[in-house]
Amino acid sequence: MKHFTIAIDGPGGAGKSSVAGNIAKQLNVLHLDTGAMYRAFALTALERGLDIADEAAMAALARRIRIAVRFEGGAQHTLVDGRDVTASIRTPEVSKGASDVAKLLPVRRLMVNLQQRIAKSQSMVLDGRDIGTRVLPNATLKIYLTASSEVRARRRFEELTAKGIDVQYETILRDVIERDRQDTTREIDPLSVAPGAVTLDTSDMTQPEVEQAILTMLEAKHMQGGTAAKAQQPREPLTLFYRLAMVLSRIVFTLLVPVRYHGLENLSLEAPFILIGNHQSMIDPFLIGWKLRRWQIRYLGKKEIIRNPLTRSIYQNMLMIPVDRHNMDMQAVRACLKTLKEGHVLGIFPEGTRHKKTLMQEMESGIAMIALRGNVPILPAYVTPKPGFFRRIDCYYGKPFSVHDLVNGQVNREAVDAVMAAITRRYQAMAAAHAQTQA
Ligand code: C5P
């Protein structure tokens, strides 16, 4: 087998380390536990009595410290300045410290460099938070391993008590939730589902099942040859009408309404997912949709339109889902969930009617509910300014984000609000980034 890498990311306690270890064993390659390296750094800071919140002190430590890994009989030993710290890095204090130091750029740079160097020369399985997004964006296979916070806390609790460490389940659960919050919201390389990653929720899976699933995916990748060209092939037959719309879109968005596209690398994620966009013009679905050539996007559209026979036939040929925007349309919600379950891409403009004044601040809550119930990532597309003839505009695709980890898999009012707030934040960040390019 030629050189390959498997990136396993996900929140703490999802079982990454043991799954990665077992897979590596079966494939006869090494497993690099990158969390251990952040832990070794945090342990050193704590031992030396340094203040982890003191960024200058942490940057200075990052310049001096020598972190290394050594493998003995396949097992990883993590070393700081030549001293093996493997036995001391699993305490709750070090877990918290690792998450704290992992926010800092000098620390992340040090670790990412080291990890890239280690994985360059040999096939490996790596687990962490940013492997698929930062360390190895071209990994052969990317997995996002997750589980509910309760399941993860229970596993951590059992792991620690088995080692004779005295801990309370409630404390661990609180730590798990806090660490998730910190890992998913930090500015630099937050934990997120990497483009092209396959999400596995292990709450109701046994470890051998998870491992088998990953090994089967790797085999499938090798059989495919994993070429980018193949990845661009449509995954399903597109309707004639849709293909026509794609051809026209290419002409329109190159010549008539020239668009500069950014973040195209974010389009390599696997369906099902939800593509969302800010809504300013009738051509928005084509503008944000035609670059995703592998799928026929199922857009949600207002129900009023199906009364007219011509537009009704467009709806049918485009496989659109009609929605009654003025009432809680449960039929539409069910249709959306079914579409996602069948592995398709849903296209939604959460602002409902075309909007000019605010940016993703007034949304229909249906989008959040569908994302939560369907448990699929959201891919945000931001178009600015409003499309017009012969005026160059920009379209940004943001990093896809998983709603599950935002709210620990719960579906309630708070979760819906959290998802909508996350959407608003992302659009504000994209708008701010765009404004900077204009300054
Ligand atoms: O996976 P583990 O729990 O050992 O990781 C400890 C901490 O290190 C995590 O909470 C996370 O903040 C950080 N980490 C990271 N990037 C990685 C691996 C771990 O930020 N690749």
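The values are calculated or read from the model by the stated rules, or taken from the named source; none is laboratory data. All values reported here derive from a predicted model rather than from experimental measurement. These accessible areas exclude ligands, DNA and RNA; they are computed on the full protein's heavy atoms, side chains included. Shrake-Rupley method; radii C 1.70, N 1.55, O 1.52, S 1.80 Å.
The order of K341, K303 by accessible area, most exposed first and with a 1.4 Å probe, is K341, K303. Here the extension length gained between T239 and Q212 equals 6.2 nm, from 0.36 nm per residue of separation less the Cα-Cα distance. What the chain shows is 48 Å² of accessible area per residue, with the surface traced by a 1.4 Å probe over protein heavy atoms. Averaging Cα coordinates gives a centre for the stretch 249-302 and one for the stretch 159-189; these two points are 39 Å apart. Considering only beta bridges that DSSP places wholly inside the chain, some 30 percent are antiparallel. Once all protein chains are placed together, T199 keeps about 70 Å² accessible to a 1.4 angstrom probe.
To the nearest 10, the accessible area of M320 is 50 Å² with a 1.4 Å probe. Within the assembled protein chains, the solvent-accessible surface assigned to E265 is about 120 Å², based on a 1.4 Å probe. The portion of the accessible surface of the chain made up by carbon and sulfur, rounded to a whole percent, is 55 (1.4 Å probe; DNA, RNA and ligands excluded). For the residues E219, E187, E47, a GNM of the chain with alpha-carbon springs under 10 Å puts the largest fluctuation on E47.
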